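The numbers here are math on the coordinates, done by the rules we state, and not lab data. This structure is a prediction, so every number in the text was calculated from the model and none was measured. When we count neighbours, we look across all protein chains shown, and the Cβ atoms used for this are built from the backbone with ideal geometry, even at glycine.
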Amino acid sequence: MKLMPEMDHNQGLRIKRFAMGAASYLMWLLLIAYFRYMELSTISWETFTRCSLLVTLYNAILYGMFRSGLNRWFKDPSLTLFQMVVGTIWAMVSVYYSGEARGGMLLLYLVVFVYGLFKLKVRQFLFLSLFAIANYSWVLFLLYRQDPAGFNARLELMNLVILVAVLPWFSLVGGYITSLREKVARAMETIEKLAIHDDLTQVFNRRQMFQILEREKALGDRGVHPFSICIFDLDHFKDVNDTYGHDRGDIVLRTVAQTIQKNLRDIDHIARYGGEEFILILTNSGVSEAMQCAERVRCLTEALVFDELPEDFRVTISVGVTKYTPSEDIRSSINRADIALYRAKAQGRNRVEYESATIPEKRVARSN
């Protein structure tokens, strides 16, 4: 029942932005109430009360949409343009009733436009500018019809000219800022991806692998679910580099890694452990499931055809499998899978071997 509940990051940001908009409405109502109290505004207390109730109802409905997730049905889940259009209408109402303070209240339009820096592009900003200018022109027309003698045409025309000059210019600047934010966001995504992915194969790197393993270890130690580890490397990979060159060897590594990644479940992970060696982290998998997965990726690899290599060229992998034992050190699990991998190589390669936690562990040097 918190006003700002814990939820996914994007939805949380949307609710915070909505809260900023709701605070702006409160500011506008307080300003109008102050103008009425100082007898600067033409609004009656009865009309002010009705406007306050409508503003409250609108914000309550909008808040309900964000809390329930209904906003996700729309192309823009933030409902930015919609909120700004409604905000512009309420700015028009505030300006209409602001009386002698009308010139200063034109700043409310800028308050609405600042909100668009979160999302809107130049085209949407310009549309909103035209909409704001049109509804302010409508305000001036109504004021003139209501009291032609008291209408200061020179002053009101000056306000309109200022609005016509400022809003489109703000739209251009706002759209430029939005584009910069998008570029920065894309750059940050690229940096984050580079930080956790291996540059050559585009699977997780060693550092990210250990972070995933520690997370799975924490879940396994609490009994949430088991997980298994598979270590595999490419058989006789040195011969590939020596015969075809390192560029072709890179193609082989990348193709194998990405093929296996595409054939894993969403909850499973593949990481490059070093050189031609990779680790599979199989979430919620016991021994039989892990062995089946290992055998499947072995067969997939054996059937691969590689670009820029002879058509009859094939590569195989040897796989070592083990299951994590709760409370053990994660490196012990890796070492145990490594022992199984060595045994697979010693018994002819292109096969899958399993190592139980009951067997004493030692890491043995091996050849490709």
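Points worth noting:
- In degrees, nearest ten, helix 287-302 long axis to first principal axis of the chain (Cα): 90 degrees
- Scalar couplings 3J(HN,Hα) for the range 176-186, obtained by applying the Karplus form with A = 6.51, B = -1.76, C = 1.60 to θ = phi - 60°, are 5, 5, 4, 5, 5, 4, 5, 5, 5, 4, 5 Hz; x denotes Gly and Pro.
- Using the average count of surrounding beta-carbon atoms within 10 Å as a protection proxy, the listed peptides 324-331, 339-346 rank, highest first, as 339-346, 324-331.
- Protection proxy ranking of 88-98, 160-170 - average other beta-carbon atoms within 10 Å, highest first: 88-98, 160-170
- Taking the longest Cα principal axis of the chain as reference, the axis of helix 80-96 is set at about 20 degrees.
- Relative contact order of the chain, defined on C-alpha pairs under 8 angstrom at six or more residues apart (%): 12 percent
- FRET efficiency for the pair residue 63 and residue 247, taken as 1/(1 + (r/R0)^6) with r the Cβ-Cβ distance and R0 = 51 Å, rounds to 0.35.
- Given 119/193; 75/121; 238/262, the pairs whose alpha carbons are separated by over 18 Å: 119/193; 238/262
- Stretch gain in nm, segment residue 284-residue 117, where the contour uses 0.36 nm per residue and the Cα spacing is subtracted: 55.8 nm
- Peptides 230-242, 37-49, ordered by how many other C-beta atoms sit within 10 Å of their residues on average, highest first, read 230-242, 37-49.
- Under a Gaussian network description of the chain, with springs only between Cα atoms under 10 Å, the residue in 222, 206, 351 that fluctuates furthest is 222.
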